[in-house]
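Asks: Below is one structure. I have some questions about it.
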Amino acid sequence: MAKYQIRGNKRLSGFIPVSGAKNSALKLLAASILTKEVSVIHNVPEIIDIKKMEDILSNLGCKVTVSKNTVTIDPSSINSTSLDPDLTKKIRASIVLAGPMLSRFGTVSIAQPGGCLIGARPIDDHIDVLSQFGVTVEQKGDEYIFNNKPLAGEIIMSEMSVTATENAIMASVLSDGDTIIRVAAAEPEIADLADYLNQMGAKISGAGTHNIKIEGVKELHGTEHTVIQDRVEAATYLMMAIGTNSELKIGPIVPEHLSIVIKKLKKASANFTIIKESDKFYFQTFPNGHIESVNINTRTFPGFPTDLQSAYAALMTKAKGESRIFETIFESRFGYIEELKRMNANIEVISPHIILVKGSSKLRSAEIDAFDIRGGAALVLAALMCNGETTINHVEMIERGYEKLDIKLSAVGADIKRIN
Ligand code: EPZ
């Protein structure tokens with residue numbers, strides 16, 4: 001178990017590079033098995049969850065080679081249709097192998113996927129979507145065995161689920177006929193997946209909207225692709241810069257992936273602009289006099305991302321006034337709050353979905369624990385904002401989603417030590 005020791009209340013300065021998006025790269029790796037040909041994916045973050053997905057693919061018989069942030073996948077010799085349960089239990093994204101495996105082989109067995117403890121994380125939407133494709137499912141203990149090649153048709157999602165939408169797209173690209181997915185999730189990572197699949201020869205239109213059309217094709221071929229920037233990582237560092245009164249350049253970013261986050265932070269009088277340098281965009285922050293409390297509710301894209309709820313709550317502990325945060329997506333995504341309270345944060349939990357953050361609380365350093373990726377990142381933000389040395393345990397949880405977080409922060413002057 002590794003931990004961070006952070007001495008906070010320091011102004012940071014310099015440049016924080018943003019990595020490729022975890023929640024896109026994971027699905028691109030899964031999509032690469034939809035062909036027998038080799039694909040190359042650039043800008044893949046070197047994080048624990050990506051390594052897990054690479055291990056799952058290798059375990060199926062793929063040849064996966066990684067050199068820094070480029071992953072090459074040769075899926076020509078896949079020799080199994082059952083995913084290693086020990087690996088699939090570790091990451092939620094393993095569930096998105098169902099669609100591609102069914103499209104290619106017509107069968108797959110997957111153990112109940114894991115992922116952050118932020119709610120029940122059921123897979124009923126996935127089962128509902130795949131059954132609309134004519135796929136049958138049999139449950140043996142916590143193993144799900146899916147059978148049948150997916151049949152084209154009209155699919156109606158029961159939730160705007162990100163991974164269930166991704167499964168639906170990957171189940172339809174090789175089916176014979178046209179599929180339309182209604183009530184689809186519209187996250188930018190889904191559009192990136194569609195771009196990758198279209199480069200492989202798929203015919204997908206409307207990804208990034210709530211209605212996605214797919215014209216099934218006979219086969220796909222290998223391709224080369226660069227993962228989009230991680231909007232959640234970028235905004236997490238933006239809030240760290242705001243919370244520490246720092247002058248930081250953060251990016252590259254895609255501003256339209258963060259429109260509502262930018263609007264809410266501007267409303268909170270955070271002092272930053274978006275600059276353009278050789279056709280790439282960056283956040284440039286400046287010292288803040290103060291920040292105001294602003295309410296948010298998390299929504300599917302383009303609403304306020306649930307993955308930024310915890311960092312935003314940590315930031316609001318230093319804002320003037322009280323902010324109400326309504327987490328509409330997950331039913332238990334407030335696990336980090338007990339840890340913030342141990343740092344003297346004044347937060348009232350109204351329900352499993354609503355908290356009131358009382359601002360201008362003087363945070364105190366403490367020894368705390370990270371329970372999930374984004375909650376852990378919020379604890380780092382809180383530690384950076386307060387005097388004294390805070391110890392955060394189980395930082396592997398944070399490193400599942402943030403590439404080289406301690407190195408990126410040290411490079412801009414943060415006093416953060418990683419202790420194995
Ligand atoms: C993806 O998870 C992301 N993970 C999550 O990021 C993100 O928080 C979430 O989308 C929402 O944006 C990956 O892409 C790997 P959902 P996913 O299906 O697809 C309910 C991070 O920190 N639901 O959109 O699992 C579910 O309980 C992670 O990077 C069902 O009820 O989320 C939730 O309330 C955390 N049944 C809501 O839908 C299902 O079968 C949205 O979940 C599926 C989902």
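Asks: Any residue at all in the range 16-36 that's in a loop (DSSP other than H, G, I, E, B), without any contact (Cβ under 8 Å) to a residue 24 or more places away in the chain and charged (D, E, K, R)?
Replies: no
Asks: Also, quick follow-up: Would a scan of the range 142-153 turn up a residue that is within 14 Å of the ligand (Cβ to nearest atom) and farther than 18 Å from Arg121 by Cα?
Replies: Yes, the range 142-153 has at least one match.
Asks: Out of all the residues in the range 116-132, is one or more more than 16 Å from the ligand (Cβ to nearest atom), at negative phi and at pLDDT 95 or above?
Replies: So the first thing to find is which residues in the range 116-132 are more than 16 Å from the ligand (Cβ to nearest atom), and the list is none.
The answer is no; no qualifying residue exists.
Asks: Now, a different point. If you take the residues in the range 82-110 that are surrounded by 19 or more Cβ atoms within 10 Å (Cβ to Cβ) and free of Cβ contacts under 8 Å to residues at least 60 places away in the same chain, which one is nearest to the ligand (Cβ to nearest atom)?
Replies: From the range 82-110, those surrounded by 19 or more Cβ atoms within 10 Å (Cβ to Cβ) are 83, 87-88, 90-104, 108-110; that's our starting set.
Checking which are free of Cβ contacts under 8 Å to residues at least 60 places away in the same chain leaves us with 83, 87-88, 90, 94, 108-110.
Numbers: Leu83: 15, Leu87: 14, Thr88: 13, Lys90: 12, Ser94: 9, Val108: 16, Ser109: 17, Ile110: 13 Å.
Selected residue: Ser94.
Asks: If you check Asn393 against the conditions, is it crowded, with 17+ Cβ neighbours inside 10 Å, of a type in the set (S, T, N, Q) and farther than 17 Å from Met240 by Cα? Write out each step before concluding.
Replies: Working: crowded, with 17+ Cβ neighbours inside 10 Å: yes; of a type in the set (S, T, N, Q): yes; farther than 17 Å from Met240 by Cα: yes.
Taking the combined requirement at face value, the residue satisfies it.
Asks: When residues of the range 356-391 are filtered for being touching a strand residue (DSSP E or B) at 6+ places or on another chain (Cβ under 7 Å) and aliphatic (A, V, I, L, M), how many remain?
Replies: 9
Asks: If I go through the range 116-153 residue by residue, how many of them are in a loop (DSSP other than H, G, I, E, B) and over 24 Å from Tyr196 (Cα atoms)?
Replies: Looking only at that region, the number is 13.
Asks: Give me a count of the residues in the range 183-204 that are outside any helix (DSSP H, G or I) and within 16 Å of the ligand (Cβ to nearest atom).
Replies: Looking only at the range 183-204, we keep the residues that are outside any helix (DSSP H, G or I), and these are 183-187, 200-204.
Restricting the remaining residues to those that are within 16 Å of the ligand (Cβ to nearest atom) gives 183-187.
Total meeting the criteria: 5.
Asks: Quick check on my filter: what residues within the range 154-182 are under 24 Å from Leu29 (Cβ atoms), within 16 Å of the ligand (Cβ to nearest atom) and β-branched (Val, Ile, Thr)?
Replies: Matches in the range 154-182: Ile155, Val162, Thr163, Thr165, Ile169, Ile181.
For (1) within 11 Å of the ligand (Cβ to nearest atom); (2) out of contact with any Phe, Trp or Tyr (no Cβ under 7 Å at 6 or more places or on another chain); (3) of a type in the set (Ser, Thr, Tyr), each residue gets a yes or a no:
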{"position": "Asn9", "(1), (2), (3)": "no, yes, no"}
{"position": "Ser13", "(1), (2), (3)": "no, yes, yes"}
{"position": "Ile16", "(1), (2), (3)": "no, no, no"}
{"position": "Gly20", "(1), (2), (3)": "no, yes, no"}
{"position": "Leu29", "(1), (2), (3)": "no, yes, no"}
{"position": "Leu34", "(1), (2), (3)": "no, yes, no"}
{"position": "Ile41", "(1), (2), (3)": "no, yes, no"}
{"position": "Val44", "(1), (2), (3)": "no, yes, no"}
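For (1) within 16 Å of the ligand (Cβ to nearest atom); (2) out of contact with any Phe, Trp or Tyr (no Cβ under 8 Å at 6 or more places or on another chain); (3) at pLDDT 95 or above, each residue gets a yes or a no:
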{"position": "Ile347", "(1), (2), (3)": "no, yes, yes"}
{"position": "Ile354", "(1), (2), (3)": "yes, no, yes"}
{"position": "Arg364", "(1), (2), (3)": "no, yes, yes"}
{"position": "Glu367", "(1), (2), (3)": "no, yes, yes"}
{"position": "Ile416", "(1), (2), (3)": "no, no, yes"}
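Asks: To continue, here is another question. Given the criteria over 17 Å from the mean Cα position of the chain (by Cα), assigned to a helix (DSSP H, G or I), crowded, with 24+ Cβ neighbours inside 10 Å and away from the ligand (no atom under 16 Å from the Cβ), does Leu379 qualify?
Replies: no
Asks: Here is a further query. So Thr317 ticks every box in (1) of a type outside the set (A, V, I, L, M, F, W, C); (2) within 16 Å of the ligand (Cβ to nearest atom); (3) in contact with a helix residue (DSSP H, G or I) (Cβ under 8 Å, 6 or more places away or on another chain) but one. Which box is left unticked?
Replies: (2)
Asks: Look at Glu327 and say whether it is touching a Lys or Arg at 6+ places or on another chain (Cβ under 8 Å) and either basic (Lys, Arg) or within 18 Å of Ala185 (Cβ to Cβ) (or both).
Replies: yes
Matching residues to (1) assigned to a loop (DSSP other than H, G, I, E, B); (2) of a type in the set (Phe, Trp, Tyr); (3) modelled with pLDDT of 95 or more; (4) closer than 18 Å to Ile354 by Cβ:
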site: Lys264; (1), (2), (3), (4): no, no, yes, yes
site: Ser269; (1), (2), (3), (4): yes, no, yes, no
site: Gly289; (1), (2), (3), (4): yes, no, no, no
site: Pro302; (1), (2), (3), (4): yes, no, yes, no
site: Ala314; (1), (2), (3), (4): no, no, yes, yes
site: Ser323; (1), (2), (3), (4): no, no, yes, yes
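Asks: Can I ask one more? Within the range 205-241, track down each residue that is farther than 27 Å from Thr70 by Cα, more than 16 Å from the ligand (Cβ to nearest atom) and assigned to a helix (DSSP H, G or I).
Replies: Met240, Ala241
Asks: Can Arg374 be described as within 14 Å of the ligand (Cβ to nearest atom), closer than 21 Å to Gly8 by Cα and in contact with a Gly (Cβ under 9 Å, 6 or more places away or on another chain)?
Replies: So Arg374 passes the test.
Asks: Another question, then. Does Glu331 satisfy the criteria of being under 24 Å from Ile373 (Cβ atoms) and either surrounded by fewer than 16 Cβ atoms within 10 Å (Cβ to Cβ) or at pLDDT below 95 (or both)?
Replies: So Glu331 fits the description; yes.
Asks: Turning to a different aspect of this structure: When the range 106-115 is examined, which residues are found to be small (Gly, Ala, Ser) and part of a strand (DSSP E or B)?
Replies: Result: Ser109, Ala111.
Asks: Follow-up question, since we're still on this one. Of the residues Val44, Val71, only one is part of a loop (DSSP other than H, G, I, E, B) and either of a type in the set (Lys, Arg) or buried (at least 18 other Cβ atoms within 10 Å of the Cβ) (or both); which?
Replies: Unique residue meeting the criteria: Val44.
The values are calculated or read from the model by the stated rules, or taken from the named source; none is laboratory data. From a predicted model like this one, the values you see are computed outputs, not experimental measurements. Positions of Cβ are generated from backbone atoms using ideal geometry, with glycine treated the same way; all protein chains shown enter the neighbour counts.
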